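Any read-out appearing in this document is the output of simple, stated calculations on the displayed coordinates, not a laboratory observation. Computed from a prediction, not measured in an experiment: that's the story for all the values here. For neighbour counting, all protein chains shown are included, and Cβ atoms are generated from backbone atoms with ideal geometry for every residue, glycine included.
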Amino acid sequence: MKKISLIVIGIICSCNTSQKTISEYSTPKKEVDPIAYAQTITEEDLKEHLYTYASDEFEGRETGKPGQKKAVAYLKAAYEKLEIPAAKTDGDYFQNVPLEVAKVPKGTVLIDGNTFQLGEDILTFTAAEGDFSNVVYAGYGIEEGDYSDYSELDVKDKLVLIKAGEPMNSNGTYVLSGTEEKSAWSNMSEAMGKKSNLAVEKGAIGVLYYDAQNFARFKNYYEFMKGNNSGKMALKDETSSNFIVLLNNKSATTFMNDIDGDNVPKSISTDVKIDIVSGNDQINSENVVAVLKGSEKPDEYVVISSHLDHIGVTANGQINNGADDDGSGTVALLEIAEAFKKAAEAGEGPKRSIVFLHVTGEEKGLLGSKYYTDYNPIFPLSQTVANLNIDMIGRIDPKRVGDRNYVYLIGSDKLSTELHDLSETINQKYTNIELDYTYNDENDPNRFYYRSDHYNFAKNNIPIIFYFNGTHADYHRPGDTPDKINYDLLSNRTKLVFHTAWEVANREEKVIVDKPSK
C-alpha cells in the first residue's frame, strides 16, 4: 500500500509472440455452483507462491529495479502455465508504464531579500525556477459552483499563493456544503492536488502552497528522499514546467503577516527568486495484465487488481520483502485466476470477461493503475463493470488480535449500493467473514480509500471494493516476511473476493452506479 506523500537492469522479460489467442468457452446452461472452483484456492498454493514472490531474491520489488523485473517475469510465467492469455492483442502480458524519477532537488527561495533553504522552511520535490516581482494570492484557491477565489484574478503566467482549508460561514458551517461537513477541498489526500491543478488550469506558472498542519509530514518525506538519494516518481506524460513549493508559517508570513485570517484574494508586490534544480531519470516498468474471456458478455469486464511492487531495499541493505504488502494480494489474484480458469475449462466460465491486473508503481503514487485508467486502458472503462482491489489481506491488525476472522472493506458503498449489498450477501452465503467498515468512514484520518489502486477506477465512476487487513508493526519494514502470513485467513479472504467477482461477472445486469462521484 502507498503511503500518502507527493511521491518515486537486470532480467529483461521477452514478449511471448506465440501466445495463443483468447479461447471461447461454452455458455453455462444452468446456474453454476462456484464452491468447487473456490476450493482450488488453498493455503498450500498461496504459501508456495508467496515464499517465492516475497523472497530475498526479489529484492523488495521496487519499481523499475531488478527485483521488480523478476516479479513481472514470475507473474507472466504463472499465467502462461495457467494458459490464461495476455490482455493485449499482441500476446504481450506486459503493459509498459513510462515513468520518470526526479533527482533530489537542491536550492533556495529568496523572498524580499530573505533566503529560505530547501528542506527547512520551504519544500518541493521537483525543479522550480523563476524571478517574480509580485505574487497573486488566491486565498483558498477554490472554484466550485457559485464560489470562486479566482473571479477577479488574472493568474496567467503568474506565481500563485494558496493556503490549505476552505471558507466558513460565521455560524461555523462551511460555505461550500452549507453544513458542518468539509468538502474534498479540505481533504488532505486531495486538496493540494485539486488546488494546484486548478491554478495551473487558470494559467499559473507555479504555486506556493501554505499548509502549516501538513508541512512537517512532507518535510519527513523530503528527509527520506535525501537519505535514500531518490526523488519523486511520476508518469512521464505528467511531467511539466509547472511547479509547487510548500511553505510553513515562517515562509508564508513573509508574504502576509495575517495569512491565516486573511481570505481576500489580491496581488502582492513581493520580489521572489526561486532557484531549485533537479533532473529526471527515465524508468521502465510494467503492469502485468491477463484476461479470461466471458462466455455471454465478453465485452463487459470485471477487473480484479493488486499491486506487484513494494519499497525495495533500505539504505543499510535490509530487504523489505512485502509479503503482506502486497505479496498477499498478488498471490491471491493468481489463485483467483486459477479458480476461474478451472470453471472455464469445465464449460462453466464467467459470463463477463475477467481481467487480472497486476499494477506497478503503487508505492510511488498509484502510478500503474493511473496509467491504465487515465492514459491507456486496455479495455474500455465504459465497459468495465467493477474493480475488486486486493491490497494486504494476509495479516491481522493488532487492534483485532483475538478477533481474527475479519477483513476491512473500503469503498463498497461509495458508488453503488447494489455492489455493497451484493458483497454482504455473498459473504453470508459462502465465507462468513466479519466485514469491518471502520476505514470506510469519510472522516477516517488514514484516508485509505485514496491510498490504493481502486481509487483510480473509483474516480472514473467504476464501482469498487477494496479488501484490506489493516496495517501492523511490519508495515513498510523488513519484518513483512512470508512466515508471518496467516494462510488460513489469506485463503478465506481470497475466496471471498472470488465469490464476489463470480457474482458480479455472472449476474444478468451490471451493478448500478447510483451514487456517481462529482
**Request:** Using the Kirkwood radius over Cα pairs, work out the Stokes-Einstein diffusion coefficient for the chain at 10 °C and 1.306 mPa s, in µm²/s as a whole number.
**Result:** 66
**Message:** About the Cα centre, and with charges only on the beta carbon of Lys, Arg (+1) and Asp, Glu (-1), how big is the dipole of the stretch 104-278? Nearest 20 debye, please.
**Reply:** 600
**Asked** By its C-alpha gyration tensor, with a ≥ b ≥ c as the square roots of the eigenvalues, how is the stretch 279-343 shaped: rounded for a/c under 1.5, else prolate for a/b larger than b/c, else oblate?
**Response** oblate
**Antiparallel %, DSSP beta bridges [both residues in the chain], to 5** = 60
**Complete:** Which of 76/342; 194/364; 226/484 exceed 21 Å between C-alpha atoms? The answer is 226/484
**Prompt:** Gap in Å between the Cα centre of the stretch 159-178 and the Cα centre of the stretch 229-280?
**Reply:** 20
**Prompt:** Which of rounded, prolate, oblate describes the stretch 287-432, given a ≥ b ≥ c as roots of the alpha-carbon gyration tensor eigenvalues and a/c under 1.5 marking rounded, otherwise prolate only if a/b is larger than b/c?
**Reply:** oblate
**Asked** In the stretch 431-518, which GluC sites (Glu not before Pro) are in a loop and have at most 13 other Cβ atoms within 10 Å, using DSSP for the loop call?
**Response** 442, 508, 509
**DSSP-assigned coil residues among GluC sites (Glu not before Pro) in the stretch 97-179, each with at most 15 further Cβ atoms within 10 Å** = 120, 152
**Request:** Might you report the magnitude of the Cβ-based charge dipole of the chain about its Cα centre, with Lys and Arg at +1 and Asp and Glu at -1, to the nearest 20 debye?
**Result:** 700
**Request:** Please say if the stretch 327-371 is rounded, prolate or oblate, where rounded means a/c under 1.5 for a ≥ b ≥ c the square roots of the C-alpha gyration tensor eigenvalues, and otherwise the choice is prolate for a/b larger than b/c and oblate otherwise?
**Result:** oblate
**Prompt:** In nm, to one decimal, how far is the residue 236 label point from the residue 484 one, both placed 7 Å along Cα→Cβ?
**Reply:** 3.7
**Fill in**
chymotrypsin sites (Phe, Trp or Tyr not before Pro) in the stretch 406-453 lying in a DSSP loop, each with at most 14 other Cβ atoms within 10 Å of its Cβ, come to 437
**FRET efficiency estimate (nearest 0.05) - Cβ-Cβ, residue 508 to residue 201, R0 35 angstrom** = 0.25
**Prompt:** What is the ratio of the Cα radius of gyration of the stretch 104-278 to 2.2 N^0.38 Å, where N is its residue count, to two decimals?
**Reply:** 1.01
